[in-house]
Every structure is written in C-alpha cells, then in structure tokens.
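Any read-out appearing in this document is the output of simple, stated calculations on the displayed coordinates, not a laboratory observation. Just so we're clear, the structure is a prediction, and the values are computed from it rather than from any experiment. Ideal geometry is used to build each Cβ from the backbone, glycine not excepted, and the neighbour counts take in all protein chains shown.
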Amino acid sequence: MALKPLADNTPEQLAAWHQQFMASKIEPNILPKAEELLARHRTKGDTLLIITATNRFITAPIAERLGVDHLIAVNPEVNQGRYTGRVSGIPSYREGKVTRLSQWLEQQDISLDGAWFYSDSHNDLPLLEKVDHPVAVDPDDTLRKVAEERQWRIMSLRD
C-alpha cells in the first residue's frame, strides 16, 4: 500500500514531488547536531550506513544529502522503468532489518566489531543489541526505559 503511489504516477511526477519534499520537509529538519555527529564518525573513518523501514525512493536522496554512502531500505520493485507497487527482496523492517544488515555485512566482508548504532525507536532494539555502542537518540518512551535499564547512552540531537 505504501508503494502504490509510486506505481500510480510517472517517474517525472515522482521526481518533481521528491524534489519538493526534500526542499520543504527534509532540508528544514536536518539537524546541525546530526551533521556534526556524522562528521565525527566520518573523520574517524567509520563506515556510515542508514538502515530504515522507509522505502529507497524516499530515503536515497536523504542519505545522499547527508553524505551517507550506504543505505539499507525497502526496495520498491521496478519493471521496465516504472514502479510496480510491490517490494523487491526482503523488506527492511522488523526482523527484516537484521536479516538485511547481516547480508550487507557479509557482502561488504565487515563485522560489527566496535560499531555504533543510533535509533529513536524501540523497534530497533534487535539492532541496538547487536552493536558495541548502542545509542538512544531522542528515544520513544519504551526505548528510553530499556536504554536506562541497560545503561546505554541517551542523547538528543534537538537540544
């Protein structure tokens, strides 16, 4: 259902809407502290990866704008240059995020040793539990409670 608008509209219309979306919704909400955090990791030589349950059509330009080279997102199926409205491959939500991350790590021939993971949602607990440095960022109430119990770092990018 979330991918149906991609199938119902032309690539040209989608591109125009996406450009407007980036300018009106994303750009004004890019937080300076988030960019500083990414820059610190980049300077340290860390591999930057966004993993999201949102589709690649929406998130690829955001990752590009943030200078994040790697993205795991829901891949909308494309047939003959048009979106079909279906998902291609394993969707990156719930347990699919862990599956897709494991596949990506294997393809890149890297491990999570020393990795950081930042999330605002309790839905990402399986990923937070996999890394050496889990960080709850402006967390929802459930994630905040778990992070406090486990003494994970809690931070805000909004302050």
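Measure out, as a whole number of angstrom, how far apart the alpha-carbon centroids of the stretch 21-49 and the stretch 97-159 sit. Between the Cα centre of the stretch 21-49 and that of the stretch 97-159, the gap is 17 Å.
Label positions at GLU12 and LYS44, each projected 7 Å from the Cα along the C-beta direction, are separated by 4.7 nm. Sites listed here are trypsin sites (Lys or Arg not before Pro) in the stretch 51-100 whose DSSP assignment is loop and whose Cβ has at most 13 other Cβ atoms within 10 Å: ARG94.
Magnitude of the charge dipole for the stretch 60-143, about its Cα centre and with charges confined to Cβ atoms of Lys, Arg (+1) and Asp, Glu (-1), is about 500 debye. Extension gain for THR54 to LEU31 (0.36 nm times residue separation, less C-alpha to C-alpha distance): 6.4 nm.
Across the chain, Cα-Cα distances exceeding 25 Å account for 36% of all pairs.
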